[in-house]
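Nothing in this text is a laboratory measurement; each read-out follows from the coordinates by a stated rule. Quick caveat: nothing in here was measured; it's all calculated off a predicted structure. Positions of Cβ are backbone-derived with ideal geometry, glycine not excepted, and every protein chain shown enters the neighbour counts.
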Amino acid sequence: PPAGTTAGGAASVAGSPASSAPGGAAAATPEDAAAAEKAAEEAKLSELDPAKWLQNWADAMRGTDAALLAQYYADPVNRYYLQSGVSRARVMADKQATIDKREQPWTVQLDSVQVLDRTPSTARVLLIKHFSMGRGAAARQVRWPTQLRLKMIDGRWEITSEQTLGE
């Protein structure tokens, strides 16, 4: 990036430790930025509060990284809509297909989130996924009442079941 900016385009502060370190230490590299982003995503995936974890999942749904979104799911998912025993790879392929078909702009909001039947290792969640797709008069609003089952696996929550209520 040009002097005075970071890889994300934000202005850097003159005299920051990276630029004034003894020996002329180099500024952060793209690899450093990628490592920091990976660490931030891992922290979101490892969130222990199910309500906050669900908001992180919603953030991932707003993005275009199907692989990241699939990491919120167990391998395999016991129930994924009308299917059972669905691999994480298949969830990722489904999420990618959905991303590829999106009408822009695309927004996702979780409404009426209720974390129920919570134990230290499981939780049942009822929520409404609210999607807004497209622009102006052609914009579509979709609301899907959804039930998730979460399980603590290797120290983090993962979705073991996702179904639209009424299926």
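Here the extension length gained between A138 and Q83 equals 16.6 nm, from 0.36 nm per residue of separation less the Cα-Cα distance.
Counting only lysines at least 8 places from K38 when in the same chain, those with an alpha carbon closer than 22 Å to its own are K52, K95.
Spin-label model, E103 to T29: label points 7 Å out along the Cα-to-beta-carbon direction sit 4.5 nm apart. Enter the Cα centre distance for the pair the stretch 40-63 and the stretch 103-136, rounded to the nearest angstrom. After rounding, the separation between the Cα centres reads 12 Å.
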